[in-house]
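Bear in mind these aren't lab numbers, they're just calculated from the coordinates by the rules spelled out. Model, not experiment: these values are computed from the prediction. Note that we place each Cβ from the backbone using ideal geometry, even for glycine, and neighbour counts take in every protein chain shown.
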Amino acid sequence: MLQSLNKAVDKIKEKAAEVRAQAVDAAAAARATSGQTDLPADSRSASIHLCGFDIQGVSIAGQETCLILPRCKLALDIGRCPQPAVYQQTVLITHGHLDHIGGVTFHAASRMLLGLQPARYVVPARYEDKLRKLLEVTSDMDGGLPLEYDITPLTEGQEIELETGHIVRCFPTVHPVPSQGYILYSLRKKLKAELVGRSQEEIKELRQAGQEVTDTYQIPEVAFTGDTSGELFEQDGNADMYRAKLLIVECTFVDESVSWEQARERGHIHITDLVMHAHKFHNEAILLVHFSPRYKRQQILAALEENMPPALRAKCVPFLNGFP
């Protein structure tokens, strides 16, 4: 009796192991088909890891965009302020549409409520006064307790430093309202060319004498376009956008339910734009965000497979948090 029971248990274990193996194989096949290795779950809080960065948040066209880079204590836009965004001190705001800025007042109030440092909101210069008025009106409606925050206008050619040591610069984008994207840089030091070949002792002596022995280089790590039309790719300059390890770019429309021409009129990118300019993207990975809510997850994946050349598809990862 006991022997028969043990045999039955063994068979159940073998069957369970077989089912688990099949599930693993199916998951691997799904990842291979989609061309990515880390497809977010159907959730609003899943995290994805690319090029050394964890990225959280949500980006759905017309509803909300807020992408969170905890490593840099940074949020990119603040459409509805998901809870993890509250703990990011700096917010880079690309433009004034509510699905990208609507959560700013909640962000400021939540940080004050939790006793956190005042937030820093980096904005296109034309939004500085308007954002301040928005926060002042909110404070008045909330009982008059002043919100604590800092607004930093940033224009092309300027840069700011984050508390993590990263440098941020902006670049112009193409949208119906004033808009700009951002590039995040890390700093690297390299021995000056004229000192290459010198002994360690010589270099140490020069350093002790107060001479600078290294040059500092800015390495583009992450570029974020925010909302823009494909005209962005037709502009001169923006070399660092194409060189950044990770490019986060909107891709609102992925089929002909909205044509390439219509997408351009609305100031958004069509998948056709990415295909047309595929040769320019020297990035290690491209995170596609801001898909239209008209699409389901599988429609987006199928459109990428159907329309993108293999080399471009291999580096593109769709950010699908919030999509069914």
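What relative contact order, as a whole-number percentage, does region 45-318 give when Cα pairs under 8 Å and 6 or more residues apart are counted? Can you show the working numbers first?
Numbers: 559 pairs, mean separation 37.0, N = 274.
It comes to 13 percent, rounded to a whole number.
Stretch Glu201-Lys280 to full length: gain in nm at 0.36 nm per residue minus the Cα-Cα span?
Numbers: separation 79, 0.36 × 79 = 28.44 nm, distance 4.41 nm.
Extra length available between Glu201 and Lys280 comes to 24.0 nm.
Two decimals is fine: what's Rg over Rh for region 45-318, C-alpha atoms, Kirkwood radius as Rh?
1.03
Scan region 124-180 for GluC sites (Glu not before Pro) in coil per DSSP, keeping those whose Cβ has at most 12 other Cβ atoms within 10 Å, and list them by number.
Glu156, Glu163
Enter the Cα centre distance for the pair region 216-286 and region 162-178, rounded to the nearest angstrom.
Result: 15 Å between the Cα centres.
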